[in-house]
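To start, the structure under review is shown below, and the notes come after it.
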Amino acid sequence: MITVKSEEEIDLLREPCRIVHDCLEFVGGRIRAGMTTKEVDELVYKFITASGAEPSCLGYCGYPASACVSVNEVVVHGIPDGRVLEEGDIVSVDLCAFKNGFHGDGARTFRIGSVSPEKDKLVRVTEACFFRGIEGLREGTPLYDIGYKVQRHAEENGFSVIRSYTGHGIGREMHEDPAVPNYGKKGTGVRLKAGTVICVEPMIAAGGWRVKILDDGWTAVTVDGKPAAHYENTLVIREDGVEILTL
Ligand code: MF3
Ligand code: CO
């Protein structure tokens, strides 16, 4: 069931979303070659808890960390560990904060030093896919128009859309209805109502879209080993557009 949030609820949601945004900025200013993905996770844990929020991912379905830190061919749900970041890596950091009874969710892909032209373009196009996806989005937009626009932009640039993970509704739960796929047919799906809160999160691969999950049960990698990128914001559908809460 897709819930519509009241203005009071949206006001409560603003704070965890602002913390997610500020935490992503904080991490972006510090992430560098030589750091381990575990150290990135420690930055996230400290920032979120110091903000008076809880890291929603920690313990979610047994997930062992505060952030997902996904390097190069890791698409999503990279578990922070001793992997050392190197010049030329791209690193997706995905995190959620819980405060005031609500969750905020966001992700960015960071470049470590100078990266290959392909990775550089992938990161740029993945961000652009988010903004294409929300172009014209407002009350009454058919849900799958978002994915249609994301997919068109990704494929026009020679990239592919990950199929097995989607965006989602968010609120008192980290994952609520509806699922928000990054592919789809224009003009289909439910018409979104004002006050619906969703996470739009293109996950785009430089090669094929097939993924496999490693033995840890979480880490999703591209089958062809080519890099992938991720960009996510939490937003509210409004009568005349969207209000992005993690930007
Ligand atoms: N933040 C992720 C999302 O965008 C969810 C991570 S699930 C976790 O939906 F358990 F890995 F944290
Ligand atoms: Co999300």
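The values are calculated or read from the model by the stated rules, or taken from the named source; none is laboratory data. Since the model is a prediction, treat every value here as computed from it, not as a measurement. Every residue, glycine among them, receives a Cβ derived from its backbone with ideal geometry; neighbour counts consider all protein chains shown. SASA here: full protein model, heavy atoms, side chains in, ligands and nucleic acids out. Shrake-Rupley method; radii C 1.70, N 1.55, O 1.52, S 1.80 Å.
Using alpha carbons only, what's the Rg to Rh ratio of region 4-101 with Rh from Kirkwood?
Numbers: Rg = 14.1 Å, Rh = 13.9 Å.
Ratio of gyration radius to Kirkwood radius: 1.01.
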Figure the gain on full extension for ARG32 and GLU139 (residue separation times 0.36 nm, minus the Cα-Cα span) and round it to one decimal in nm.
-> 34.5 nm
Of TYR231, GLY62, GLY104, farthest towards positive along the dipole that unit charges on Lys, Arg, Asp, Glu beta carbons give region 7-241 | TYR231
What number, in percent, do you get for the relative contact order of the chain if the mean sequence gap of Cα pairs under 8 Å and at least 6 apart is divided by its residue count?
-> 23 percent
With only Lys, Arg, Asp and Glu charged, each at its Cβ (+1 for the first two, -1 for the last two), find how big the charge dipole of the chain is about the Cα centre; round to the nearest 20 debye.
-> 560 debye
For region 223-237 and region 123-191, compute the distance between their C-alpha centroids and round to whole Å.
-> 10 Å
Within the accessible area of the chain, what % is carbon and sulfur when the probe is 1.4 Å and the other protein chains stay in place?
-> 50 percent
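Working from the alpha-carbon coordinates of the chain, get Rg over Rh, Rh being the Kirkwood radius. Walk me through the numbers before you get to the answer.
On the way: Rg = 16.8 Å, Rh = 17.8 Å.
A ratio of 0.95.
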Using a 10 Å cut-off on Cβ atoms, rank the peptides 175-188, 93-106, 41-54 from the highest mean neighbour count down.
-> 93-106, 41-54, 175-188
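Under DSSP H, which helices of the chain have Cα atoms covering 27 Å or more of the helix axis and a Kyte-Doolittle average no less than -1.0?
7-30
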Shape call for region 76-180 from the C-alpha gyration tensor, a ≥ b ≥ c root eigenvalues: rounded (a/c under 1.5), prolate (a/b greater than b/c) or oblate?
-> oblate
Roughly speaking, what is the stretch gain from LYS121 to VAL4, that is 0.36 nm per residue apart minus the C-alpha to C-alpha distance, in nm to one decimal?
-> 38.5 nm
Solvent-accessible area per residue for the chain (1.4 angstrom probe, square angstrom) = 42 Å²
For LYS212 and ASP177, FRET efficiency with R0 = 30 Å and r from the beta-carbon atoms, rounded to 0.05?
-> 0.65
Residue-count net charge about VAL71 - beta-carbon cut-off 10 Å; Lys, Arg +1, Asp, Glu -1 = -2
